[in-house]
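The values are calculated or read from the model by the stated rules, or taken from the named source; none is laboratory data. Since the structure is predicted, the reported quantities are computational estimates derived from the model, not experimental observations. Every residue, glycine as well, gets a Cβ built from its backbone with ideal geometry; the counts of neighbours run over all protein chains shown.
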Protein chains: 2
Amino acid sequence: MEATLSVGRRPGALEAEIDVALAEFFTSRRGQIDAVGGGFREAVTILENFVLRGGKRVRPAFAWTGWLGAGGDPRGPQAAPVLRTCSALELVQACALLHDDIIDASTTRRGGPTVHIQFEQHHRDGNWNGDSAHFGEAVAILLGDLALAWADDMVRESGIGPEALVHISPVWSAMRTEVLGGQFLDITNEAHANESTDAAMKVNRYKTAAYTIERPLHLGAALAGADDDLISAYRRFGTDIGIAFQLRDDLLGVFGDPAVTGKPSGDDLRAGKRTVLFAKALQRADSVDPESAEWLRCSVGTDISDSEVDALRDVIASLGAVEDVEMQIEELVENALSVLAASTATPEAKQQLTEMAAAATRRTY
Amino acid sequence: MEATLSVGRRPGALEAEIDVALAEFFTSRRGQIDAVGGGFREAVTILENFVLRGGKRVRPAFAWTGWLGAGGDPRGPQAAPVLRTCSALELVQACALLHDDIIDASTTRRGGPTVHIQFEQHHRDGNWNGDSAHFGEAVAILLGDLALAWADDMVRESGIGPEALVHISPVWSAMRTEVLGGQFLDITNEAHANESTDAAMKVNRYKTAAYTIERPLHLGAALAGADDDLISAYRRFGTDIGIAFQLRDDLLGVFGDPAVTGKPSGDDLRAGKRTVLFAKALQRADSVDPESAEWLRCSVGTDISDSEVDALRDVIASLGAVEDVEMQIEELVENALSVLAASTATPEAKQQLTEMAAAATRRTY
């Protein structure tokens, strides 16, 4: 979505300003961090590098565009405080990623080792006492907590003023509760080997759609003091595009080119992810091809070979599950765009959000 | 400290009101939790029970007393919003405990299994997919995050008003950064087998004193709009009593009666905790009894027998480390009480804080 982030700014300027806001925030904590001493600064620097190194800034971009679309003036006095508030979403995201990477036992992220792996390595290299892996996780838990606490600090200190703080409070609150709820559902679905499409859809709704698009847009609208009609349109648009985005991601997790996704081919099959795609494939297999259903059930979540991944992929495609999901993506995008078109968002924001929706959901493999 | 919590209230009434405030907050989240569905409510209920079941409410009590001592009126309209803000400290504490128990691999807390152990057990009982211990930790990480996010929500929704929110913002922010910094120092000191008294003292300063007494008092003062002199007196009092409290706890961790402390005798020696007591014992041993020093270094942090614990205890005591620490506690309490006496806190608060200081630091073994 790189081309879509400069709404109300020169190309690339929004990302740069988000980076500046985040870097300034980290600088503002330096006094406290140095007072604690004892290696805390070095640890926080690893968090800072993680935050500044990365990601597509999707959440701040949707929040910022939501604010513009509700009449926010990118050249007005509120622009800088609003941008800081939008940027704070990246600190929530840092917590989500640090903790998720522990939960999923992921070893790489943003082109480098995950944070818990970095500290595990420090511990091992230094030949310190205790278990290196446990130490790495302990530090990553604490740094994730710090990022979550700092996200709140960054909003409170953004300068948006008491009225805007009151407006956004329930949105900010709901977003964090929803993403944590979605993460909880995700791990319990995996633990239960849950085969229901509804259950997978709920994870998409809360872990991805609400957190990534719906609530950021809602936050932007609330920052601008938007009316209920626009908020409702944003939320419907954001939910649909967010779910479509996750469905696209699910397809990429099975069929994506490793060179493009940066993840091993068929990664989601090996991890046993309970996606809508997989639930649909199972449903269809149960009714037309019980042998394949049995095979799918036995294989996912195990350490399958590349050729088995290829074979599973063929079965999932031949069952028609891919067309099912593609059709669902198309419908969701269509709905979302018609809601957006009928809304009172500014024409410029409508165009930007349409482009962002396309970038988030288009077929890329 | 049970007898000291009813400041400005009937005996026992403050604890009860804190419980009510917390229970009401959990009730206020129910709609969001139920919307997520899929077992999230049951998980959040375990968090709720953990929060409501427990602890001595030390942090809210210091914050509340700090507010009263700065002129807060327990029968005025601000009392209820202030009480809600003070109670939110218990949600920060829930996060700290859930995550600390993962970090320390603790199995019991507040008279029951720790939260990660509860979910590990659910997973095992249900014969779910994946590793039970990892699942338990994953859920406890997410519930700790939820508690931390909700602590902020509870403050923002407390009703204290925008001006008080501005006053407390830097205090709230510093407190959370400091406790996370203190926890970080604690685990790195253990990993490095750090033998410095200063390093152990920094953990006491940030993980215990700032978080448990200094900042809660500061928070209460800020809620009342107190002047810099009173804030400075509170902070000096809180730092000294907080450190003395931790030094007392260190003595209990080695010499405490298991029937009183609820922990196995000599627990800190087995865990290899890097306390001031232990650092002082090592220092003295190095200069007068190198053989004992060697033995102390080899034994702590290993699975030593009860009779070895007894022998280590005798060595630590005979080296004079206990008298050292007792003297330090005495000095800290004396300093703190003279700062408090000279402050502009109300006479009633002075008396209460003196009692709370005594309860937190007195010899009980």
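Quick check on the range B:249-265. Is at least one of its residues surrounded by 20 or more Cβ atoms within 10 Å (Cβ to Cβ) and not in a helix (DSSP H, G or I)?
Checking the range B:249-265: at least one residue is surrounded by 20 or more Cβ atoms within 10 Å (Cβ to Cβ) and not in a helix (DSSP H, G or I).
Considering only residues that are of a type outside the set (Gly, Ala, Ser) and more than 17 Å from B:GLY242 (Cα to Cα), which ones fall in the range B:323-350?
The answer is B:GLU323, B:ASP324, B:THR344, B:THR346, B:PRO347, B:GLU348.
Let's see how each residue does on (1) in contact with a strand residue (DSSP E or B) (Cβ under 9 Å, 6 or more places away or on another chain); (2) in a helix (DSSP H, G or I); (3) in contact (Cβ under 8 Å) with a residue 60 or more places away in the chain; (4) within 29 Å of A:GLU24 (Cα to Cα):
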| position | (1), (2), (3), (4) |
| --- | --- |
| A:ARG84 | no, yes, yes, yes |
| A:LEU91 | no, yes, yes, yes |
| A:ALA94 | no, yes, no, yes |
| A:ILE102 | no, yes, no, yes |
| A:ILE117 | yes, yes, no, yes |
| A:ARG124 | no, yes, no, no |
| A:ASN129 | no, no, no, no |
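For the range B:306-365, which residues satisfy the criterion of being modelled with pLDDT under 95, polar (S, T, N, Q) and outside any helix (DSSP H, G or I)?
Of everything in the range B:306-365, just one residue is modelled with pLDDT under 95, polar (S, T, N, Q) and outside any helix (DSSP H, G or I), namely B:THR364.
Considering only residues of the range A:18-53 that are more than 14 Å from chain B (Cβ to nearest Cβ) and more than 17 Å from A:ARG84 (Cα to Cα), which is surrounded by the fewest Cβ atoms within 10 Å (Cβ to Cβ)?
Within the range A:18-53, the match that is surrounded by the fewest Cβ atoms within 10 Å (Cβ to Cβ) is A:ARG53.
From B:SER169, B:SER106, grab the single residue that is among the polar types (S, T, N, Q), surrounded by fewer than 22 Cβ atoms within 10 Å (Cβ to Cβ) and touching a Lys or Arg at 6+ places or on another chain (Cβ under 7 Å).
Selected residue: B:SER169, the only one of B:SER169, B:SER106 that is among the polar types (S, T, N, Q), surrounded by fewer than 22 Cβ atoms within 10 Å (Cβ to Cβ) and touching a Lys or Arg at 6+ places or on another chain (Cβ under 7 Å).
For the range A:141-161, how many residues meet the condition of being of a type in the set (A, V, I, L, M, F, W, C) and at the interface with chain B (Cβ under 7 Å from one of its Cβ atoms)?
Adding up the residues that qualify gives 5.
Take the residues in the range A:162-172 that are facing another protein chain (nearest Cβ under 9 Å) and more than 19 Å from the chain's Cα centre (by Cα); name whichever of them is farthest from B:HIS167 (Cα to Cα).
Checking each candidate, the answer is A:PRO170.
Is it fair to say A:ASP186 is facing chain B (nearest Cβ under 7 Å), under 21 Å from the mean Cα position of the chain (by Cα), buried (at least 19 other Cβ atoms within 10 Å of the Cβ) and not aliphatic (A, V, I, L, M)?
Spelling it out, it is not the case that A:ASP186 is facing chain B (nearest Cβ under 7 Å), under 21 Å from the mean Cα position of the chain (by Cα), buried (at least 19 other Cβ atoms within 10 Å of the Cβ) and not aliphatic (A, V, I, L, M).
Among the listed residues B:THR197, B:THR208, identify the single one that is away from every other protein chain (no Cβ under 11 Å), within 15 Å of the chain's Cα centre (by Cα) and surrounded by fewer than 24 Cβ atoms within 10 Å (Cβ to Cβ).
When all the criteria are applied, what remains is B:THR208.
Checking the structure you have, find out if any residue of the range A:56-63 is in contact with an Asp or Glu (Cβ under 6 Å, 6 or more places away or on another chain) and farther than 23 Å from A:LEU223 by Cα.
no
Where residues in the range A:105-140 are among the acidic types (Asp, Glu) and more than 10 Å from chain B (Cβ to nearest Cβ), which of them is farthest from B:ALA140 (Cα to Cα)?
Here the answer is A:ASP125.
Mind checking which residues of the range B:250-283 are charged (D, E, K, R) and modelled with pLDDT of 85 or more?
Hits for the range B:250-283 are B:ASP250, B:ASP268, B:ARG270, B:LYS273, B:ARG274, B:LYS280.
With respect to A:ASP227, is the statement that it is assigned by TED's automatic domain parsing to the domain that holds A:ALA345 and modelled with pLDDT under 95 true?
no
How many residues are touching a helix residue (DSSP H, G or I) at 6+ places or on another chain (Cβ under 9 Å), over 13 Å from A:LYS280 (Cα atoms) and small (Gly, Ala, Ser) when one looks only at the range A:315-346?
5
A:ALA105 - would you say it is touching an Asp or Glu at 6+ places or on another chain (Cβ under 9 Å) and more than 26 Å from A:SER343 (Cα to Cα)?
no
Hey, A:ALA281 hits all of (1) touching a residue at least 40 places away in the same chain (Cβ under 8 Å); (2) hydrophobic (A, V, I, L, M, F, W, C); (3) within 14 Å of chain B (Cβ to nearest Cβ) but one; which does it fall short on?
(3)
Return yes when B:LEU180 is touching a residue at least 24 places away in the same chain (Cβ under 8 Å) and surrounded by 23 or more Cβ atoms within 10 Å (Cβ to Cβ) and no when it is not.
In short, no.
Any chance the range A:63-70 includes a residue that's closer than 14 Å to A:ALA88 by Cα, touching a residue at least 60 places away in the same chain (Cβ under 8 Å) and either among the acidic types (Asp, Glu) or not assigned by TED's automatic domain parsing to the domain that holds A:ALA151 (or both)?
yes
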